[in-house]
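Shown below is the structure under consideration.
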Amino acid sequence: MNDAQVDMARRHGTNVVSACVIQAEISTLMISVLDDLGRGVPVAFLFSNAITPVIVDIFIVCFKEAIGFKIKPRILVTDVGDSFSFAWSKHMIEPHSRLYCGYCVELSWKEYSESIENQEKRVDVKAALNLMKIEPSKATFSDKIKNALSDWNSSPDTKQFASYFVLYYSRWPSRWAQSCNESLAVVQPPFLSLHETISRIYSNAYAKGLDSSVKALMKHVRKVLLEG
């Protein structure tokens, strides 16, 4: 973190904060905030070849020490797992609400749907997921999720995926389904765009080594801060 990032975190940390991982050979843990222009702005990075609850815990502790106080965001956007959420609640202040990162949701769905060997059913599952995510009507969403789970549980090809979906998604629709949380339509797009940008910059520079990736990311951060 540089001084400008610390200042940005202090000024905007009580609104919307995103804390997620961009997976790679050397993964990037990133904390970002939503600024006055509605942009996702990275305020902290950590690079690690192992993403464990201990690493996430250390990252949040270092972030808290850098800004000098505990933050209670209005919304905390995290990946689908609980490591960031647990670490934030332990070292910061629990947010008013939690949402899933759209970038992480899409990657998670892609990863787990690949375990469905039947290609036709895999395509059907992906289509059903995308429709559920953007469905505007809560009643229609409820019908869609009920019918999808019934269908997936009735087939050996998709039964395992159904269990995964229940564990992380059907019990928490307000974290990912637009019909259940109006904030998603406002909060997710800028962070989705940010994650795609950071992932691209990091990947393009990584061929020259980790140092090149770090320099490229910080150059992008400076550009974003100057534009603001």
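All of the numbers you see were taken from the coordinates with simple rules; none came from a lab. For clarity, every value in this text was computed on a predicted model and none was experimentally measured. Ideal geometry is used to build each Cβ from the backbone, glycine not excepted, and the neighbour counts take in all protein chains shown.
Under 19 Å from the Cα of K72, which lysines turn up, not counting those fewer than eight places away in the same chain?
K64, K90
Most exposed first by the Cβ proxy, i.e. fewest other Cβ within 10 Å, how do I201, I75 rank? Before the final figure, lay out each step's value.
Details: I201 15, I75 19.
Placing the least packed residue first, the sequence is I201, I75.
If you line up the long axis of helix 102-113 against the longest principal axis of the chain, both from Cα atoms, how many degrees apart are they, to the nearest 10?
In the chain, helix 102-113 runs at an angle near 40 degrees to the longest axis.
Find how much the distance from D211 to E106 grows on full extension, using 0.36 nm per residue of separation minus their present alpha carbon separation; answer in nm with one decimal. Spell out each step's value before the answer.
Values: separation 105, 0.36 × 105 = 37.80 nm, distance 2.84 nm.
Residue separation times 0.36 nm, minus the Cα-Cα distance, leaves 35.0 nm.
What is the total of Lys pairs in region 103-179 with C-alpha atoms under 19 Å apart, excluding same-chain pairs fewer than 8 positions apart?
So the count works out to 16.
I've got another one for you. With contacts defined as alpha carbon pairs under 8 Å and 6 or more residues apart, what's the relative contact order of region 103-179 in percent? Walk me through the numbers on the way to the answer.
Details: 49 pairs, mean separation 29.2, N = 77.
Once normalised by length, the contact order is 38 percent.
Enumerate the amide H contacts of L99 below 5 Å, restricted to partners 5 or more residues apart or on another chain; note that Pro and chain-start residues carry no placed amide H.
Answer set, sorted by chain and number: L76, V77, T78.
Between N15 and K159, what FRET efficiency comes out of the Förster formula 1/(1 + (r/R0)^6) with R0 = 41 Å and r the beta carbon distance, rounded to 0.05? Walk me through the intermediate numbers first.
Working: r = 41 Å, r/R0 = 1.00.
Efficiency computed from Cβ-Cβ geometry: 0.50.
Please give the length that would be gained between K223 and I26 if that part of the chain were fully extended, namely 0.36 nm times their separation in residues minus their C-alpha to C-alpha distance (nm, one decimal).
Working: separation 197, 0.36 × 197 = 70.92 nm, distance 2.38 nm.
In short, 68.5 nm is gained.
Please rank M218, M1, fewest neighbouring Cβ atoms within 10 Å first, as an exposure proxy.
Values: M218 14, M1 19.
Result, fewest neighbours first: M218, M1.
Work out, step by step, the length gained on full extension between C62 and D3: first 0.36 nm times the residue separation, then minus their alpha carbon distance; give nm to one decimal. Please list the in-between numbers first.
On the way: separation 59, 0.36 × 59 = 21.24 nm, distance 1.44 nm.
Result: 19.8 nm gained on full extension.
Could you grab the relative contact order for the chain? Cα pairs under 8 Å, six or more apart, rounded to a whole percent.
On the way: 308 pairs, mean separation 39.9, N = 228.
Over the chain, the number comes to 18 percent.
Something else about it: Give me Rg over Rh for region 103-179, both radii from the alpha carbons and Rh done the Kirkwood way, two decimal places. Don't jump to the answer; show the numbers that get you there.
Working: Rg = 11.6 Å, Rh = 12.4 Å.
Looking at region 103-179, the ratio lands at 0.93.
By count of other Cβ within 10 Å, fewest leading, how are F63, F69 ordered? Walk me through the numbers before you get to the answer.
Numbers: F63 25, F69 10.
The most exposed by this proxy come first: F69, F63.
Still on this model: Pairs of Cα atoms under 8 Å, at least six residues apart: use those to get the relative contact order of region 4-87, whole percent. Before the final figure, lay out the partial values.
Details: 135 pairs, mean separation 28.9, N = 84.
Value for region 4-87: 34 percent.
Can you give the FRET efficiency for S174 and E114, using 1/(1 + (r/R0)^6), R0 = 25 Å, r = Cβ-Cβ distance, to the nearest 0.05? Mind showing how you got there, number by number?
Details: r = 27 Å, r/R0 = 1.07.
Plugging the Cβ-Cβ distance into 1/(1 + (r/R0)^6) gives 0.40.
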